[in-house]
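Structure first, commentary second.
The values are calculated or read from the model by the stated rules, or taken from the named source; none is laboratory data. This is a predicted model, so every value here is computed, not measured. Note that each Cβ is placed from the backbone with ideal geometry, even for glycine, and that neighbours are counted across all protein chains shown. Just the protein is used for accessible areas: all its heavy atoms, side chains included, with ligands, DNA and RNA removed. Shrake-Rupley method; radii C 1.70, N 1.55, O 1.52, S 1.80 Å.
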Amino acid sequence: MHEQELEHLKKNLKEYADGFIESLSSSPKRALRVNRLKASPEAVAAALSLSEKAAYCTDAYLISNKISGAHPYHCAGVFYMQEPSAMLAIEAARPKIEKIVSELDYPIVLDMCAAPGGKSGQLATILNGKGALVSNEIDYKRAKTLHGNLERLGVRNCAVVSATSDKVAAVFGNIFDVVAVDAPCSGEGMLRKEAAAWSNMNEKTMLSCAERQREILENAVNCLKEGGLLIYSTCTLNETENENVLEEFIVCGELEPLECPHLKLVRRSKRFAAYRALPQDGGGEGHFVCVLEKKTGGERKAKLRSPFSTKFDEKKLNAVLSPLAKVPLFNDAFVYGENIFLCPPLPEMRGLQIIGAGVNAAAVKGSTVVPSHGFVAALKENEAIAAANLFYEIGEETSRENGRRAVEKYLRGEELSLDADFAGWGILCADSHPLGLVKSSGGSMKNHYPKGLRIR
């Protein structure tokens with residue numbers, strides 16, 4: 001820590017500064033959020049021997065360093081590793097989003113700054129397959145990571161796009177019922193985790209971030225229909241990037257902050273209904289959130305269609321997929337290039353760079369249709385039919401030992417010597433959680449786990 005950066009923190013965090021600076025000498029907390037699209041939090045917590053709930057999400061637990069992204073439950077999308085206070089933003093709005101989802105036939109949600117995907121994953125869980133989610137990330141490389149994460153989480157009703165916020169607003173207009181903005185910031189909530197974040201602790205960076213945040217927020221408001229819900233969050237704690245950014249929208253009557261009385265371990269802003277999670281309170285690294293209702297502007301009727309134009313023969317697709325699992329996930333199948341997508345109606349996205357949409361369920365190889373990993377990733381616990389199920393965290397000790405060796409070999413891309421009661425394509429599962437494709441023949445299983453996902 002340099003004196004100049006410490007003085008910056010003291011000046012801008014005000015009454016929170018001393019406790020915040022003191023907390024930096026302790027270790028950061030790690031947490032995972034169980035993905036309800038795949039499994040129940042109670043069952044996963046029991047399997048992983050998790051007992052301490054994280055502060056800001058009912059589906060989240062604190063974890064030790066023994067659990068990592070190499071765990072098969074993570075590879076299967078059963079849980080998502082997420083900084084505890086980063087879950088605050090969507091949790092703050094959760095009761096209000098649930099009400100919107102229950103009241104509307106087809107809710108449409110936008111995550112404006114979505115990578116790497118934790119908040120989009122939370123939003124998808126609340127939607128639970130209903131309506132549509134659009135997840136945007138301006139940086140193309142990060143957008144690819146975002147798409148991979150949401151595919152692993154089994155999000156079936158999502159489109160991932162990569163565009164600037166003004167482009168998103170221009171293409172969609174005010175069609176969304178909920179818009180989340182986790183705005184780029186100077187990152188005071190990253191100081192314990194990333195040493196490089198200290199270089200942002202200065203007035204120039206803070207003011208530059210605030211200017212960019214106002215621009216993104218204005219575009220986000222333009223995407224929201226009147227009466228819709230806006231979630232503004234940052235992983236920084238100063239007022240310049242938080243209350244000051246929001247204030248002009250509130251003063252003019254465009255946005256109204258909403259109380260979130262269900263939140264715990266937070267400090268309410270003295271200026272209006274906005275909340276901070278502070279590391280000295282024990283909840284995580286630090287996060288700010290304000291949930292607001294848009295009071296002006298009317299709405300535009302969303303044009304819902306698939307981004308794909310060429311239908312694919314569903315009977316031919318089902319002949320391949322139905323022996324593997326319950327299908328279809330959606331009624332309409334489309335072909336784009338060599339890939340076959342199962343895709344629900346999504347907002348018209350013409351003019352945006354689309355990274356992915358719906359479920360990439362299969363591929364066309366000449367005259368043959370073969371299943372894709374995206375189809376397996378979209379499946380829930382116990383949905384696989386042609387399955388080789390291996391014990392990993394549950395079952396007898398000997399079964400777990402053998403199962404763990406086989407699962408870990410599979411995740412490394414190695415061939416398996418396992419008996420199977422099916423021939424041809426099947427799905428390897430860990431504790432009934434679908435992991436990926438195998439092809440059974442002659443007493444061995446050929447590994448079809450994607451090379452880019454393999455554990456090294």
Name the pairs: first residue in region 366-385 and closer than 10 Å to residue 152 by Cα, second residue open to solvent by 20 Å² or more (accessible area, probe 1.4 Å) and assigned to a helix (DSSP H, G or I), Cβ to Cβ under 9 Å, at least 6 apart or on different chains? 373/151; 373/453; 374/151; 377/151; 377/152; 378/151
Just for region 403-430: of the residues that are touching a Phe, Trp or Tyr at 6+ places or on another chain (Cβ under 7 Å) and farther than 14 Å from residue 449 by Cα, which one is surrounded by the fewest Cβ atoms within 10 Å (Cβ to Cβ)? 404
Pairs, please: C-beta under 8 Å, at least 6 apart or cross-chain, first residue in contact (Cβ under 8 Å) with a residue 12 or more places away in the chain and in region 342-356, second surrounded by fewer than 20 Cβ atoms within 10 Å (Cβ to Cβ) and of a type in the set (Asp, Glu)? 342/332; 343/332; 344/332
Would region 227-235 turn up any residue that is of a type in the set (S, T, N, Q) and not in a strand (DSSP E or B)? no
Which count do you get for residues in region 34-62 that are of a type in the set (Val, Ile, Thr) and at pLDDT 95 or above? 2
When region 271-312 is checked residue by residue, the ones that are part of a loop (DSSP other than H, G, I, E, B), free of Cβ contacts under 8 Å to residues at least 40 places away in the same chain and out of contact with any helix residue (DSSP H, G or I) (no Cβ under 9 Å at 6 or more places or on another chain) are 273, 309, 310, 312
Taking residue 342 as the residue in question, decide whether it is surrounded by 23 or more Cβ atoms within 10 Å (Cβ to Cβ), over 16 Å from residue 435 (Cα atoms) and in contact with a helix residue (DSSP H, G or I) (Cβ under 9 Å, 6 or more places away or on another chain). yes
Is region 328-335 home to any residue that is open to solvent by 30 Å² or more (accessible area, probe 1.4 Å) and at pLDDT 95 or above? yes
Would you mind telling me which numbered condition in (1) open to solvent by less than 50 Å² (accessible area, probe 1.4 Å); (2) part of a loop (DSSP other than H, G, I, E, B) residue 160 fails? (2)
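Okay, residues lined up against (1) out of contact with any His (no Cβ under 7 Å at 6 or more places or on another chain); (2) farther than 29 Å from residue 52 by Cα; (3) of a type in the set (S, T, N, Q); (4) without any contact (Cβ under 8 Å) to a residue 12 or more places away in the chain:
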residue: 97; (1), (2), (3), (4): yes, no, no, no
residue: 103; (1), (2), (3), (4): yes, yes, no, yes
residue: 106; (1), (2), (3), (4): yes, yes, no, no
residue: 144; (1), (2), (3), (4): yes, yes, no, no
Which of the following residues is surrounded by 19 or more Cβ atoms within 10 Å (Cβ to Cβ), on the phi < 0 side of the Ramachandran plot and among the basic types (Lys, Arg): 29, 66? 29
In region 229-287, which residue that is open to solvent by 10 Å² or more (accessible area, probe 1.4 Å) and of a type in the set (Phe, Trp, Tyr) is farthest from residue 52 (Cα to Cα)? 249
Evaluation of residue 212 against (1) at pLDDT below 95; (2) open to solvent by 10 Å² or more (accessible area, probe 1.4 Å) (one fails), failing number: (1)
Could we say that residue 381 is under 18 Å from residue 326 (Cα atoms), assigned to a loop (DSSP other than H, G, I, E, B) and either of a type in the set (Phe, Trp, Tyr) or open to solvent by 60 Å² or more (accessible area, probe 1.4 Å) (or both) here? yes
Subset of region 389-430 (residues that are part of a helix (DSSP H, G or I) and hydrophobic (A, V, I, L, M, F, W, C)): 406, 407, 411
Exactly one condition in (1) out of contact with any His (no Cβ under 6 Å at 6 or more places or on another chain); (2) modelled with pLDDT under 95 is false for residue 435; which is it? (2)
In the list 103, 83, 98, which residue meets the criterion of being charged (D, E, K, R), buried (at least 21 other Cβ atoms within 10 Å of the Cβ) and more than 27 Å from residue 403 (Cα to Cα)? 83
